[in-house]
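These notes concern the structure reproduced below.
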Amino acid sequence: MSFRTSPDWFKRTRSYKIGHCTVIVPDPIDILIGKLNPLEEKDIEAFRRVIARTGHPTQDELIRELRLSVDLFRPAFAEEQATDITGNCRRLWPLIYGREIDPRLDDHPARLGCAAEGIRSARHGLALQTAFSAPMTG
């Protein structure tokens with residue numbers, strides 16, 4: 001399993017020297033983005049706990065990082081395990097932020113495109129569509 005997250009993850013790391021070893025610790029937002037790939041119940045719980053303790057990532061913070069993370073949304077190669085990060089975003093958003101999200105909606109300025117549509121550079125970027133519906137209950 002690999003650590004797939006925002007391309008800027010290393011800029012946010014913290015390094016600690018312990019004896020002759022250097023320990024590099026990713027920022028919580030990057031760990032959470034990495035959890036979008038499997039998005040099991042324990043991953044959803046990690047989002048809840050981190051947000052409850054720190055107030056982060058906010059929707060805007062997570063959207064900003066997902067815009068830079070086009071490779072997470074590209075179709076998997078044959079040798080890779082296929083995941084549905086678009087569907088996982090749809091599933092996570094109402095549970096964590098109480099709002100619906102449609103990552104593929106492309107008629108809104110805040111669009112989260114996907115690499116499957118040929119968007120592969122941060123220059124063209126991704127945008128995240130949040131359809132601000134009433135918070136879901138249940």
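Just so it is clear, none of the values below were taken in a lab; they were calculated from the coordinates. Computed from a predicted structure; not experimentally measured. Here the Cβ positions follow ideal geometry from the backbone for every residue, glycine too, while neighbour counts run over all protein chains shown.
Quick notes
- Ranking of 43, 8, 60, 30 by count of other Cβ atoms within 10 Å, fewest first: 60, 8, 43, 30
- Burial ordering of 3, 77, 47, fewest other beta-carbon atoms within 10 Å first: 77, 3, 47
- For residue 48, net neighbour charge (Lys/Arg +1, Asp/Glu -1) across residues whose Cβ lies under 15 Å away: +1
- Full-stretch length increase - residue 49, residue 11 - with 0.36 nm per residue and alpha-carbon distance subtracted: 11.3 nm
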